[in-house]
Amino acid sequence: MSRTLVLRSAAAVAGSLALTMSLTACGGSSAGSADSGGAEKVVTVYSADGLKSEKGDGWYDRVFADFTKKTGIEVKYVEGGSGEMVQRAVREKTNTQADVLITLPPFIQQADGKGLLQSYVPRGADKVNGADKSTDGKWTSVVNNYFGFVHNKKELPEAPRTWEELLDARYKGKLQYSTPGVAGDGTAVLIKAMHDFGGKEPAMEYLKKLQANNVGPSSSTSKLAPKTDKGELLVANGDVQMNFAQSKSMPNLGIWFPAKDGGRPTTFALPYAAGLVAKAPHSENGKKLLDHLLGEEAQKLVSEVGGGFPARTDVKPTDANAVELTKLMTGVEIFEPDWADIDKNLTAYVDAWKSATGS
C-alpha cells in the first residue's frame, strides 16, 4: 500500500515551530468581523509550536512585535501541535476564529484539503522554492527547517548513530517521541522511518519494537526538549530550528539524525507553512501579516533570532547561527517525501502505527 519515498541528493530547506503561549481567539461573529473589512486592529494566528520563546526572544516574538509597531495590529496567538491546530480550525468552520494558520507538512496540505485555506500569494513568495509553496497560492513556507532528534549530551556524550541502537535496554523509559497524527514532528517520525526502513511494513515492525522503550504519547514536541536537557529523557524527536533555538538555554541538548544500520544519517525538510484561513474574520490583516513574515527584514532574522533557515532563497544570512546550522547539516542526506501520497494515506499510516504500538 505504501509508496517508496523519493530521495534527492541536494539539500533542501524547511521549517517547524515551538510556541508555549496560549491566547483565546478573539470573540464576535465571523460575519460581523468580515463585514468590517479587517478594520479591527487584530489578527489571530493558529500555529504549530517552535517559533515562540517562553523568554520572549523567539522569532515570532520579534516579528510579531515589529508587525504591531509598524501596523498597529495586535497579534493574538494560539499554539499547539500541527494536527491539533487543523482540527481546531475544522471545528470552528461555522464560526471562524483564526486568520492565519501555520503548520508543518503534511498538515498544511490537510488543511487545504479540508477547505480551510483561501488563495493569497504574499509579497516575496516569488523568492520561495516551488517545493516550499503550493501552486495555487493556498500556502507558502515562511521558515524552512529539518526534522531531527535530540539527545542529552551530559548523559549521552556521543549521540546514537542508528535507529537500531535505540532498541537497547538503556533507553527504556528514557525515550519519547511526539504523537503521529497530532504533532507535525511526531508524524515526521513515521515519514522518516518509512523512508529509512524501505516502506510501511518494516517501519511499523521497527516502531513496534521501539515501543518497549517509549515513555508514551505527547501532543507537543516542544515539551520533550526540556525533559531531555534535564536528563529525564536521553533521546527525543524534534526539529532543527526549534531544538537549535532551545539549545541556547538548554546546554545539555544535542541534535542528531538517525541512520538505518549500515546507512547514512538522513532527514527531510519540514517547513513552517502559512496560509490565509478561508472566511477569516480579519482577512486583510492576515494578508498584511503574511507579507510581513516573508519580508526581507523578517527573513534575515530567521537564523539569527529563530535558529532556522530563511524561506526566501535571496536571503542568505552569514550570522554565527547560520554558520553553525550549515555545519550541523554537513554529511546528512536530504530526501524529499512524496507529500501527495502522505496527504492521501496519512490516516492509514497513523492507524498502522496505532495498531503496531498499541497506542
Amide H contacts under 5 Å for ASN214, restricted to residues at least 5 apart in sequence or on another chain and with H modeled in the peptide plane, are GLY173
To make sure I understand the rule: partners must be aspartates and glutamates, Cα under 17 Å from the Cα of LYS127, and not fewer than 8 residues away in the same chain. Which ones qualify? ASP136, ASP291, GLU296, GLU297, ASP314
Taking amide H atoms as placed 1.01 Å from N in the peptide plane, list the residues 5 or more away in sequence, or in a different chain, whose amide H sits under 5 Å from that of VAL143. TYR272
Looking at region 48-91, which trypsin sites (Lys or Arg not before Pro) are in a loop (DSSP not H, G, I, E or B) and have at most 12 other Cβ atoms within 10 Å? LYS55
Output ³J(HN,Hα) for region 228-240: one whole-Hz value per residue in order, computed from phi by the Karplus curve 6.51 cos²θ - 1.76 cosθ + 1.60 with θ = phi - 60°, and x for Gly and Pro. 6, 4, 7, x, 5, 10, 8, 9, 8, 8, x, 8, 4
Lys, Arg +1 and Asp, Glu -1 on Cβ, resulting dipole of region 202-291 about Cα centre, debye, nearest 20: 80 debye
May I ask for the angle, rounded to the nearest 10°, between helix 82-91 and the longest principal axis of the chain, with both axes built from Cα atoms and the value confined to 0 to 90°? 40 degrees
Using alpha carbons only: equivalent-ellipsoid semi-axes of region 206-359, gyration tensor based, whole Å: 29, 23, 17
How about region 203-274: which trypsin sites (Lys or Arg not before Pro) there are in a DSSP loop, with at most 13 other Cβ atoms within 10 Å of their Cβ? LYS248
Phi-based couplings in Hz for region 117-127 (Karplus 6.51, -1.76, 1.60; Gly and Pro marked x): 10, 10, 6, 7, 9, x, 4, x, 5, 5, 9
Here region 346-356 yields Karplus 3J(HN,Hα) values (6.51, -1.76, 1.60; θ = phi - 60°; whole Hz; Gly and Pro given as x) of 4, 4, 5, 5, 5, 4, 5, 5, 4, 5, 5
Just add up the charged neighbours of THR221: K/R +1, D/E -1, any other residue whose Cβ is under 9 Å from the Cβ of THR221. -2
Formal net charge of residues neighbouring LEU234 (Cβ-Cβ distance under 15 Å; K, R +1; D, E -1): +2
Checked the chain with the C-alpha gyration tensor, a ≥ b ≥ c its square-rooted eigenvalues, rounded below a/c of 1.5, otherwise prolate if a/b is larger than b/c and oblate if not; verdict prolate
Rounded, prolate or oblate: which fits region 30-132, taking a ≥ b ≥ c as square roots of the Cα gyration tensor eigenvalues, rounded meaning a/c under 1.5, else prolate when a/b beats b/c? rounded
Cross-link partners of LYS174 among lysines (Cα-Cα below 26 Å; sequence separation of 8 or more within a chain): LYS153, LYS154, LYS192, LYS200, LYS208, LYS209, LYS223, LYS227, LYS230, LYS248, LYS260, LYS354
At a 10 Å Cβ-Cβ cut-off, how would you order GLU201, GLU40, GLU79, fewest neighbours first? GLU201, GLU40, GLU79
Amide hydrogen neighbours beyond the local backbone of LYS76, cut-off 5 Å, H modeled: VAL43, THR44, VAL45
Going by C-beta contacts inside 10 Å, put THR313, THR266, THR347 in order with the fewest on the left. THR347, THR313, THR266
What are the semi-axes of the equivalent ellipsoid of region 144-274, taken as the square roots of 5 times the eigenvalues of the Cα gyration tensor, listed largest first and rounded to whole Å? 20, 18, 14
Taking the convex hull of the alpha-carbon atoms of region 122-185 and averaging its shadow over every direction gives an area in square nanometres of 7.1 nm²
All other residues with a Cβ under 13 Å from the Cβ of ILE108 taken together, and with Lys, Arg as +1 and Asp, Glu as -1, what is their net charge? -1
Taking +1 at the Cβ of each Lys and Arg and -1 at the Cβ of each Asp and Glu, which of MET329, ASN129, VAL86 sits farthest along the dipole of the chain towards its positive end, judged by Cα position relative to the Cα centre? VAL86
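Any read-out appearing in this document is the output of simple, stated calculations on the displayed coordinates, not a laboratory observation. Just so it is clear, the structure is predicted and the values come from calculations on it, not from any experiment. Counting neighbours? That spans all protein chains shown, and the Cβs are built from the backbone with ideal geometry, glycine included.
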